[in-house]
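Each reported figure results from applying straightforward, stated rules to the coordinates on display, with no laboratory input. The structure displayed is predicted, hence computed values, not measured ones. Quick reminder, even Gly has a Cβ in these numbers, built from the backbone with ideal geometry, and neighbours come from all protein chains shown.
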Ligand code: XMP
């Protein structure tokens, strides 16, 4: 299902940087709609009339070899302001006849001190004399093209900010989109409002009205079904669609028995009685546990759960006649991740949702009203739809649930032990006002037992691992530094209250090299 394209936007061309999504978010945070495209997709783009500015992202390619990722020079003839970041800057220099070299002397990783050489609109209120910026480059510009000026330098890299003000082309060697660059937001403000002269009209509340109308226009009087997990995305989709088409939405909640303690039934009650949605709860917990018996391989667990979920969902949905649409909480990052920077227009959309590969056989049309939004925008939408905070600001939770947090074999006893430990951990985080400072937190059970001593008796019990991370989008993460008194207390609380655990450890790895989940 196609939702209308946006007027007045910033186009971001992705050359494969890890942080391209952050560029899009920074632009949207300033009230301007942004979209990410790939160099290949760009070839198919015919109309540029709504595009008020173009940003070229960073990326792993190098213009110092013969084969590098590029775009047509025509893009620079459209009188649209252009900002190149990192690789984007190097590509501009290459295309306009300057020189870029790979050089050990000039490469920079991490923080660097930037100093101003010439005034420019792009550095207004950003750079007076010196500033700390974040770098990640091997190649560097060694000669500017004709008509370009040097605006700022670092010790290692002379041409860190450059401009051709006549053509409104700007380049930055550093990354203003990452938080390590001090006040990087000002660079985007300058580019958007002083250079592109775009208005800050994008806002999610306005989007809500449009989405409701579009859903009504598309779905009309037909029936829509959705799988409701109680996570933010599926909850917002359910409330939004329900508001648009009322009782023609059917929500199915499949209880796999692998959710957090009490959470699923509470969510069911909220949607059934508070929001009065047409919601059906299927208790499939015994079935899931049976199929997972003696399965310890993480990938097999995921496959079994994904396939079983679809089976249960399909079976239930067959009970409803005249279904036409399936609603999904696909978000913009899911759509972006499905395209590689070298991907073509036809590149496949990865099924990345909690529900796993959704039932294609069911022959339903997809409704994906959140597919242009980032998670924080979905939360704004959720708030405006009256979604309770406990769901709207809930930490992400993986589709396979506790199954991938119980390392080794899954038994109903181990599920219960983990649920209790996790419940204590999450409650303590909330009580100590830490929950909202953390991107994701959970307890897990390791597949080994260790010896302990409780009272006068020797114990041989499970190890509980606690994980809490900060992150912007789950792609990279840092472990959360707990205040000492919190970490001192939590092990005691868990061991004293949960029979079956005699040791608690805290995971202090970041992502990379680890992942957020353990399996
Ligand atoms: P990793 O472990 O890859 O996780 O660092 C990144 C984020 O993705 C979540 N995750 C999943 N979400 N189905 C989901 O819906 C899954 O199979 C799945 N596996 C990981 C994870 O919780 C974290 O937020």
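How would you classify region 120-186 from its alpha-carbon gyration tensor, with a ≥ b ≥ c the square roots of the eigenvalues: rounded for a/c under 1.5, else prolate if a/b is greater than b/c, otherwise oblate? Verdict is oblate for region 120-186. Taking the number of Cβ atoms within 10 Å of each Cβ as an exposure proxy, the fewest-first ranking of 435, 273 is 273, 435.
For the chain, the longest principal axis of the alpha carbon atoms and the long axis of helix 232-245 meet at an angle near 90°. Packing order of peptides 479-485, 326-332, highest average first: 326-332, 479-485 (average count of other Cβ atoms within 10 Å over each peptide's residues). Sorting the segments 10-22, 499-511 by their mean number of nearby beta carbons within 10 angstrom, highest to lowest, gives 10-22, 499-511. Here region 204-392 is treated as a Stokes sphere of Kirkwood radius computed over C-alpha pairs; at 20 °C and 1.002 mPa s its diffusion coefficient rounds to 124 µm²/s.
What the Cβ-Cβ distance of residue 427 and residue 508 gives, at R0 = 25 Å and to the nearest 0.05, is a FRET efficiency of 0.65. Remark on the chain: hydrodynamic radius 25.4 angstrom, per the Kirkwood mean of 1/r across alpha carbon pairs.
Shape analysis of region 219-326 based on the Cα gyration tensor places the equivalent ellipsoid semi-axes at 27, 16, 11 Å, largest first. R0 = 35 Å: FRET efficiency of residue 484 with residue 183, Cβ-based, nearest 0.05? FRET efficiency, residue 484 to residue 183: 0.65. Extension gain for the segment residue 150 to residue 222, taken as residue separation times 0.36 nm less the Cα-Cα distance, is 19.9 nm to one decimal.
Each residue, residue 125 and residue 324, gets one label point 7 Å from its Cα in the Cβ direction; the gap between the two is 4.9 nm. In plain terms, the residue of 156, 61, 115 with the fewest other Cβ atoms within 10 Å comes first and the most crowded comes last, giving 115, 156, 61.
Annotation: Cα Rg of region 411-506 relative to the compact-globule expectation 2.2 N^0.38 Å equals 1.12.
Principal-axis analysis of the Cα atoms of the chain puts helix 204-219 at an angle of about 70° to the longest axis. Cα gyration tensor of region 378-430, axes a ≥ b ≥ c as square roots of the eigenvalues: rounded (a/c below 1.5), prolate (a/b > b/c) or oblate? Taking the square roots of the gyration eigenvalues as a ≥ b ≥ c, region 378-430 is prolate. If both residues of a DSSP beta bridge must be in the chain, then about 50% of such bridges are antiparallel. Taking 0.36 nm per residue of separation and subtracting the Cα-Cα distance, full extension of the segment from residue 436 to residue 47 would add 135.8 nm. What shape does region 9-195 have by the C-alpha gyration tensor, where a ≥ b ≥ c are the square roots of the eigenvalues, rounded means a/c under 1.5, and otherwise prolate means a/b greater than b/c and oblate the rest? Since a/c stays below 1.5, the shape of region 9-195 is classed as rounded.
When averaged across all projection directions, what area in nm² does the alpha-carbon convex hull of region 361-477 cover? Can you show the working numbers first?
Working: hull surface 45.2 nm².
Its Cα hull, projected and averaged over all orientations, spans 11.3 nm².
Residue 272 to residue 363: extension gain in nm, 0.36 nm per residue of separation minus the Cα-Cα distance?
Gain on extension, residue 272 to residue 363, equals 30.0 nm.
With the Kirkwood sum run over all distinct C-alpha pairs, region 1-73 has a hydrodynamic radius of 13.3 Å.
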